[in-house]
Amino acid sequence: MNTIHLLRAIQVLSPGAEWKMNDEDLDTLEWLTEGNHPTKEEILKEIKNQEKLELQKIEEHKAAKVSAVSKLIALGLTEDEIAAL
């Protein structure tokens, strides 16, 4: 489990809540503030959403790079000139 995704998921689902956990073990998650907090299943679902969003951003970045290279080639730059940028 990616620590950043775990932290983001908890923050998204329960902003401002205080909690503690041992290592990255959701079974040890203990809420230190009162309130309606997400379940382990809800957190795992949000982690998957975070991972999906990250992959989506990576794919969008790759597509933008391909598009930019194509436009530079259309302007007459060579692949060596583009690589030098």
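Considering the options Ile10, Ile47, Ala83, tell which one lies farthest towards the positive end of the dipole of the stretch 3-84, charges being +1 on Lys and Arg and -1 on Asp and Glu at the Cβ, about the Cα centre. Selected residue: Ala83. Against the chain, whose longest principal axis is taken from its Cα atoms, helix 40-74 shows a tilt of about 10°. Using Cβ point charges alone (K and R +1, D and E -1), the dipole size of the chain about the Cα centre works out to roughly 400 debye.
Each 5 Å bin from zero up to the one holding the largest Cα-Cα distance in the chain carries the following percent of pairs: 3, 13, 18, 15, 9, 7, 7, 7, 7, 7, 5, 2, 0. Neighbour counts of other Cβ atoms within 10 Å put Lys45, Lys62 in the fewest-to-most order Lys62, Lys45.
The lysine pair count for the chain, using Cα distances under 27 Å and pairs eight or more places apart or on different chains, is 17.
For the pair the stretch 65-85 and the stretch 1-45, the centres of their Cα atoms are 45 angstrom apart. Helix 3-13 and the long axis of the chain differ in direction by around 60°, with both axes built from C-alpha atoms.
Sequence-distant contacts, meaning Cα pairs under 8 Å at least 6 residues apart, place the relative contact order of the chain at 24 percent.
Coordinate-derived values only; no laboratory data. On a predicted model such as this, the values are computed, not experimentally measured, just so you know. In this analysis, Cβ positions are derived from the backbone assuming ideal geometry, glycine residues included, and neighbour counts consider all displayed protein chains.
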